[in-house]
Amino acid sequence: MRVIDKRPSVSRRTFLRTSTAASAGIVALSVSGGTLMGAKGAWALDVKNLKPETMQTLVQMARDTYPHDRFSDAIYVKAVGGYDDQAGSDAVLKALLEDGVTTLDGMANGAHGGRYVDVGWEIDRVALLRSISDGAFFQKIRGDLVVSIYNQPEVWQRLGYEGESASKGGYINRGFDDIDWI
Amino acid sequence: MAAPYEMNDDSVVVVIGSGAGGGTLGTDLALKGIDTVILEAGGRHETEDFVNDEWPSFGQISWLDKRTTSGSWRVAKDFSGLPAWIVKAVGGSTTHWAGASIRIQEHEFKARTNYGDVPGASLLDWPIGLQDLEPYYDNAEDRMGVTRTNGIEGLPGNNNFKVMKAGADKLGYKECHTGTMAINSKARDGRGACQQIGFCFQGCKSGAKWSTLNAEIPRGEDTGKLEVRDNSHVLQIQHDSSGKVTGVLYADKDGNQHVQKARAVCVAGNSIESPRLLLNSASAMFPDGLANSSGQVGKNYMRHMTGSVYAAFDKPVNMYRGTTMAGIIRDEQVHDPSRGFVGGYEMETLSLGVPFMAAFLDPGAWGREFTSAMDMYDHMAGMWLVGEDMPQESNAITLHPTEKDQHGMAAPNVHFDDHPNDVAMRSHAFRQGAAVYDAVGATRTFPTPPYPSTHNLGTNRMSEKARDGVVNKWGQTHDISNLFVSDGSQFTTGAAENPTLTIVALAIRQADYIAEQMASGAL
């Protein structure tokens, strides 16, 4: 049976830039609590329109909403990175994101004494997300993420999906019927 | 005269829509020498233009015009602006369909007689039976190249089928095979054999799958008697003071409006757009819309009882490889009320790629329950459940009071509530589908709710008596003799089977009738 190598095949270092214009600063997201430790130095993101801390929170929210422990942070950064450009031309979206994160951080502070990204355990962060899950902010993020995460070819490879096949002649000679355990 | 035709040529038959119904009808009329214009709302994307990538393909070929939803069905909650997953392109939804080609069974044509008075259901017997359609089914299966008919061998089973088959055998199901599929297992009729590409829904890039785009329309165009005008979105059907239709008003790609005159008009825009067009064509003479003296236009909307079961295993399956729907269990298609519902259902292999699996597995879900399922993607097998749903008069396509489409025409609202019979059937089907996979060692099963409707049926239904429906047994409207309905909206009841083969058979039969009526001077 032909099985797919699910290990990452791209270089460890990924740079994601949402704007070519001068940036407010490259966010080197290394935070306490360990939540983004694995990502330290592995990616960089120019943030121009949103607060860097807002983007940091959105990245963590993305992972907590669709947690795949075999996915690198770069996948989640890519999934939400586009919001920064959109926020530049969409004031309503910008307010939804900034206000949403402010509210979430406020709730985190009340319950745990710190920002959302500083809450150490996923189960505690998810409890905060559950409490806002019916609201417009979370619904917008979740609805976008289910496309922006799972539409990435890097994700397909991690999950063992091969994508486009016509240019390779389909699967007629590449294992369409090669199951060997049934 | 020969194609292309003048706008003021009132000798042409105008067919609205180029899918299974319109594409087949238009081609058959042309083959009979009848001057025919097909007006297709969407663009023309040929086989080489199709894309093996779910979201970009969805954007390329789907009908994404403004639509609204209401009712208690879960689609209204999960996909409120997308009641149906159907196509706006030359070839219509035959570009997207999976190829399953199954005849309606005799007892299903007589649903009211055989199922009795089901409370809340507006069941009616079809004015035709299997006998009437058999010669046309024979014809349709031959021209579509349906496997397991006409000596054509079945498709080879892929990994997903092998899991289904092993489970079916363990459960004692008797009729499980790779289906009667309008996908070439061997080269035939100028189209090649299936390459097991795995993107049947995105438009077949090998041409092995039958569609009106690749198999019918080119034959029609070769006669010089068929003009297919794409990007031509019909807004209204016009009539004269005698009540006969005279032509159609349509918008071209740039939004400019034109009138194409017609000798007769055949509506084949699917079960949402066809009734919407009749309703949007209301006039002083027909204030409730065309062909609507019964009040039945848009009513009795059916979408099949559907659902899916996916299952995870401890070893890989790679279900996405190969023909999407070449696998079926037919044992549950019978009418056996001891199961707690009338009518029956089919179980058919199904696979989605990662992008659509994420969107459809459990819409709205998030967190580890969801992602732990997605982590098992390559270890999953999947099946679709499709069965007969009950027609209900309150399930209906209506004109939205305020929402408009890009041409300023009232948008359609799609209202649907599951009938208790649909719910009982879905529960049974979820249980049996899971049992198939449990029998071969599934570690987890997922009863997946319905996707946006692909089988849209019944909103201009065929009836013996004019007061019970919209069209007669030929698809001719009861009210207007030169106005026809030529798509799945004719279906009196839904039956359990995937509807395309029956839509094609009805179109071939209707072409014969229209030609006879024209020859006799009645039309």
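List of remarks:
- Residue satisfying condition, being over 30 Å from B:Asp378 (Cα atoms) and either surrounded by fewer than 23 Cβ atoms within 10 Å (Cβ to Cβ) or among the aromatic types (Phe, Trp, Tyr) (or both), within set B:Gln510, B:Gln517, B:Gln490, B:Gln476: B:Gln517
- Pairs with Cβ under 7 Å, 6+ apart, first in the stretch B:326-338 and within 13 Å of B:Gly382 (Cα to Cα), second in a loop (DSSP other than H, G, I, E, B) and of a type in the set (A, V, I, L, M, F, W, C): B:Ala326/B:Leu155
- Answer residue from the stretch B:362-395, given it is more than 9 Å from chain A (Cβ to nearest Cβ), in contact with a helix residue (DSSP H, G or I) (Cβ under 8 Å, 6 or more places away or on another chain) and assigned to a loop (DSSP other than H, G, I, E, B) and is surrounded by the most Cβ atoms within 10 Å (Cβ to Cβ) among those: B:Asp389
- Some residue of the stretch B:196-218 being closer than 21 Å to B:Ala89 by Cα, in a loop (DSSP other than H, G, I, E, B), in contact with a strand residue (DSSP E or B) (Cβ under 6 Å, 6 or more places away or on another chain) and free of Cβ contacts under 8 Å to residues at least 40 places away in the same chain: yes
- Here B:Ala358 clears all of (1) within 9 Å of chain A (Cβ to nearest Cβ); (2) not in a helix (DSSP H, G or I) except the condition numbered (2).
- For the stretch B:1-43, a tally of residues being of a type in the set (D, E, K, R) and crowded, with 22+ Cβ neighbours inside 10 Å returns 2.
- All of B:Asn421, B:Asn413 fail the test of being under 27 Å from B:His107 (Cβ atoms) and of a type outside the set (Asp, Glu), apart from B:Asn421.
- Residue list for the stretch B:470-505, filter: out of contact with any strand residue (DSSP E or B) (no Cβ under 7 Å at 6 or more places or on another chain) and over 22 Å from B:Ser122 (Cα atoms): B:Ser481, B:Thr500, B:Leu501, B:Val504, B:Ala505
- Among the residues of the stretch B:181-200, the one identified as in contact with a helix residue (DSSP H, G or I) (Cβ under 8 Å, 6 or more places away or on another chain), closer than 25 Å to B:Gly433 by Cα and of a type outside the set (A, V, I, L, M) is B:Phe199.
- For B:Ala193: the one exception among (1) surrounded by 20 or more Cβ atoms within 10 Å (Cβ to Cβ); (2) within 11 Å of chain A (Cβ to nearest Cβ): (1)
- Residue within the stretch B:196-205 that is surrounded by fewer than 16 Cβ atoms within 10 Å (Cβ to Cβ) and within 14 Å of chain A (Cβ to nearest Cβ) present: no
- Residue match in the stretch B:212-222 (condition: surrounded by 15 or more Cβ atoms within 10 Å (Cβ to Cβ) and either in contact with an Asp or Glu (Cβ under 6 Å, 6 or more places away or on another chain) or farther than 21 Å from B:Trp97 by Cβ (or both)): yes
- Residue ranges of strands (runs of 3 or more DSSP E) in the stretch B:398-494 with at least 2 members under 19 Å from the mean Cα position of the chain (by Cα): B:410-415, B:483-485
- Whichever residue in the stretch B:159-184 is free of Cβ contacts under 8 Å to residues at least 60 places away in the same chain and within 22 Å of A:Ile182 (Cβ to Cβ) and, among such residues, is nearest to the other protein chains (Cβ to nearest Cβ): B:Lys162
- Within the stretch A:61-87, tally of residues that are within 14 Å of chain B (Cβ to nearest Cβ) and within 18 Å of A:Arg142 (Cβ to Cβ): 12
- Residues that are among the acidic types (Asp, Glu) and crowded, with 24+ Cβ neighbours inside 10 Å, drawn from the stretch A:48-100: A:Asp84
- Only one of the listed residues (B:Trp73, B:Trp63) is closer than 30 Å to B:Arg263 by Cβ, out of contact with any Cys (no Cβ under 6 Å at 6 or more places or on another chain) and buried (at least 20 other Cβ atoms within 10 Å of the Cβ). That residue is B:Trp63.
- Within the stretch B:121-177, being part of a loop (DSSP other than H, G, I, E, B) and farther than 22 Å from B:Ala98 by Cα holds for B:Ala121, B:Ser122, B:Leu123, B:Leu124, B:Asp125, B:Trp126, B:Pro127, B:Ile128, B:Gly129, B:Gly172, B:Tyr173, B:Lys174.
- Listing of helices (runs of 4 or more DSSP H) fully contained in the stretch A:88-182 that carry 1 or more residues being more than 13 Å from chain B (Cβ to nearest Cβ) and in contact (Cβ under 8 Å) with a residue 24 or more places away in the chain: A:91-112, A:122-131, A:136-148
- Any pair with Cβ under 7 angstrom, 6 or more apart, that starts in the stretch B:365-392 at a residue that is closer than 21 Å to B:Ala434 by Cβ and ends at one that is modelled with pLDDT under 95: B:Asp378/A:Ile4
- Identity of the residue in the stretch B:219-232, touching a Gly at 6+ places or on another chain (Cβ under 9 Å) and assigned to a loop (DSSP other than H, G, I, E, B), that ends up farthest from the other protein chains (Cβ to nearest Cβ): B:Lys225
The values are calculated or read from the model by the stated rules, or taken from the named source; none is laboratory data. What you see is a predicted model; the values in this text were computed from it and never measured. Cβ: placed from backbone, ideal geometry, glycine included. Neighbour counts: every protein chain shown.
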